[in-house]
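The values are calculated or read from the model by the stated rules, or taken from the named source; none is laboratory data. Bear in mind the structure is a predicted one, so any value in this text is a computation, not a measurement. Calculation scope for accessible area: heavy atoms of the full protein, side chains included, ligands and nucleic acids excluded. Shrake-Rupley method; radii C 1.70, N 1.55, O 1.52, S 1.80 Å.
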Amino acid sequence: MVTISQNMLIAPCGANPPINQVARVVRVEPQKNRLWLSFPELKRIPKPYDLARIRASMDAGHVCSIADVSKSSVLAFPDASERTKARCEEAMRSISYVLENEDQFFDETKRAALMREQASIAGVNLSTIYRYVERYYSGGSTKLAMVPRYRSVTPGDNQPEGQKRRGRPPREKPPEGETAFIFTKRRSPARLRRAS
């Protein structure tokens, strides 16, 4: 029988898995036959799943354990920059009350009240608290998990060769033989002819 432990990463690797993407085990509750999974790609707070079903799927090879290569697991907090440390500390202060009362967070009947109370204590929006809590658990329950997940929209000169430029593509393509549109104050396209 496979041992399922807190913070391990699991992923679908066979037919008919009970999960369809990488998940982190946040909490295991054998007495309730339940475990809590966080899905980093979904960016949502942890959800409860049937422990026996996940364990049976792992024994059958439908779900497998994978290595954790996230920044929060490979970079020790003392090695982070001062700016990163300050941001992480601030985010951790914002959710400290939730973490002190974790049993209430994992009780779905008490969670909403706990989160509202934390938002009031921290003086931030409720959505910010949910975002920080999600980041904390999906990143491995460490301070470094609180590093903001920025993704550049315009990679600029450092864009890898052959990679498409990120960001929203233009609504209209320039007419054949022209390089671009120039927009007037009314936002109407004026044609820019290629210099001959």
* **Theoretical gain in end-to-end length, ASN16 to ILE121 [0.36 nm per residue, Cα-Cα removed]** => 33.4 nm
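Given a cut-off of under 8 Å on Cα pairs at least six residues apart, what relative contact order in percent is computed for segment 19-125?
On the way: 79 pairs, mean separation 14.0, N = 107.
Relative CO of segment 19-125 lands at 13 percent.
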* Asked: How much length, in nm to one decimal, is gained on full extension between SER96 and MET1, taken as 0.36 nm per residue of separation minus their Cα-Cα distance?
  -> 30.6 nm
* Figure the gain on full extension for GLU108 and GLU82 (residue separation times 0.36 nm, minus the Cα-Cα span) and round it to one decimal in nm. => 5.7 nm
* **3J(HN,Hα) from dihedral phi, segment 101-106, Karplus parametrisation 6.51/-1.76/1.60, rounded to Hz, x for glycine, proline** => 10, 4, 4, 5, 4, 8
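Averaged per residue, what accessible surface does segment 91-144 expose to a 1.4 Å probe, in Å²? Don't jump to the answer; show the numbers that get you there.
On the way: 2600 Å² over 54 residues.
So segment 91-144 comes to 48 Å² accessible per residue, rounded to a whole number.
Measure off, as a whole percent, the carbon and sulfur share of the 1.4 Å-probe accessible area of segment 22-139, all protein chains present.
Values: 3150 of 6410 Å².
Carbon and sulfur together cover 49 percent of it.
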